[in-house]
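K.L.:
Structure below; questions to follow.
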Amino acid sequence: LSEVNEAKRLVQRAYQELINGGEIIVMPPLGVMIEVPSAVYQSEQIARRVDFLSIGTNDLTQYLLAVDRNNSRVAALYDALHPAVLRAIYQVIAAGHRQGKPVGVCGEMAGDPAAAIALLGMRVDTLSMSVASLPRVKWAIRNIRRDHAETLLAEVLDMEDAVSVRDRLEQALDDAGLGGLVRAGK
């Protein structure tokens, strides 16, 4: 929180210097990227201080699971659909919304159609992904009702491992006739 407070102070000072120098500018919205477990646990306090939150799922997953995704010996353990990661993301979204702040998700998870269903169920406000992922995620979101996504989310939050979560979300895509989004030829 002290880092957020200091960053806000520095931005405010720079803004005031520009105004005093005769510039006509608008104060930009300020947000925080939630990428470490400590920020998850303080997300409500952080949200009170900023205009928006964004969840960096690549780093957050790595730090929550203590898995280096670039180390071939343990990389298979890295999965953003791990129940602990989903619960952490859900906690941040809920905290941001309680404070009236929008919450976005970026990283590989945002571009995964199966994960997008869970995020839709969490009522995330925005997804940031590579342009290559956009059509598949857009198709999934347009074809899965939010209430169905919320029901699926409740199911997967009770699961014990990422494989079960992924299987259930991919089954939901299959059931909706969208299996081709996750498996070629379906």
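K.L.:
Using θ = phi - 60° and the Karplus curve 6.51 cos²θ - 1.76 cosθ + 1.60, what whole-Hz ³J(HN,Hα) does each residue of the range 147-155 get, with Gly and Pro shown as x?
P.N.:
Coupling constants for the range 147-155: 5, 5, 5, 5, 5, 4, 4, 4, 5 Hz.
K.L.:
What's the extension gain from Asp161 to Arg73 if we count 0.36 nm per residue and subtract their Cα-Cα distance? Could the numbers behind the result be given before it?
P.N.:
On the way: separation 88, 0.36 × 88 = 31.68 nm, distance 1.92 nm.
Using 0.36 nm per residue and subtracting the Cα-Cα distance, I get 29.8 nm.
K.L.:
Given the rule -39500 (n - 2.57) for each run of at least 4 DSSP H residues, summed and divided by the residues of the chain, what is its mean residue ellipticity at 222 nm, to the nearest 500 deg cm²/dmol?
P.N.:
Only helices count here, giving -16500 deg cm²/dmol.
K.L.:
How large is ³J(HN,Hα) for each residue in the range 108-113, as worked out from phi by the Karplus curve 6.51 cos²θ - 1.76 cosθ + 1.60 (θ = phi - 60°), to whole Hz, x for Gly and Pro?
P.N.:
Computed from phi, the couplings for the range 108-113 are 4, 4, 4, x, 9, x Hz.
K.L.:
How much accessible area per residue does the chain have, in Å², with a 1.4 Å probe?
P.N.:
For the chain, the solvent-accessible area averages 54 Å² per residue.
K.L.:
Sticking with this structure for a sec: Divide, for the chain, the radius of gyration over alpha carbons by 2.2 N^0.38 Å, where N is the residue count.
P.N.:
Values: Rg = 18.4 Å, N = 186, 2.2 N^0.38 = 16.0 Å.
The chain yields a ratio of 1.15.
K.L.:
While we're here: Compute the long axis of helix 134-143 from its Cα atoms, compare it with the longest principal axis of the Cα atoms of the chain, and write down the angle in degrees, 0 to 90, nearest 10.
P.N.:
70
K.L.:
With a Förster radius of 35 Å, plug the Cβ-Cβ distance of Asp174 and Gln91 into 1/(1 + (r/R0)^6) and report the FRET value to the nearest 0.05.
P.N.:
Calculated value: 0.75.
K.L.:
May I ask for log10 I(q)/I(0) of the range 64-141 at q = 0.22, 0.23, 0.25, 0.28 Å⁻¹, from a Debye sum over the Cα atoms as equal point scatterers with solvent left out?
P.N.:
Here log10 of I(q) over I(0) equals -1.04, -1.09, -1.18, -1.28.
K.L.:
Quote the charge dipole size of the range 105-186 about the Cα centre in Debye, to the nearest 20; the model charges only the Cβ of Lys and Arg (+1) and of Asp and Glu (-1).
P.N.:
Value, rounded to 20: 480 debye.
K.L.:
Another question, then. Set the Förster distance to 41 Å, then compute FRET efficiency between Ile19 and Ala66 from the Cβ-Cβ distance, nearest 0.05.
P.N.:
Computed FRET efficiency for Ile19 and Ala66 comes out at 0.35.
K.L.:
Only four residue types carry charge here, +1 at the Cβ of Lys and Arg and -1 at the Cβ of Asp and Glu. Report the dipole size of the range 1-135 about the Cα centre in Debye, rounded to the nearest 20.
P.N.:
So the magnitude is around 340 debye.
The values are calculated or read from the model by the stated rules, or taken from the named source; none is laboratory data. What you are looking at is a predicted structure, and each value in this text was computed from that prediction instead of being measured. Quick reminder, even Gly has a Cβ in these numbers, built from the backbone with ideal geometry, and neighbours come from all protein chains shown. The protein model used for the area step is the full one, side chains on, heavy atoms only, and it has no ligands, DNA or RNA in it. Shrake-Rupley method; radii C 1.70, N 1.55, O 1.52, S 1.80 Å.
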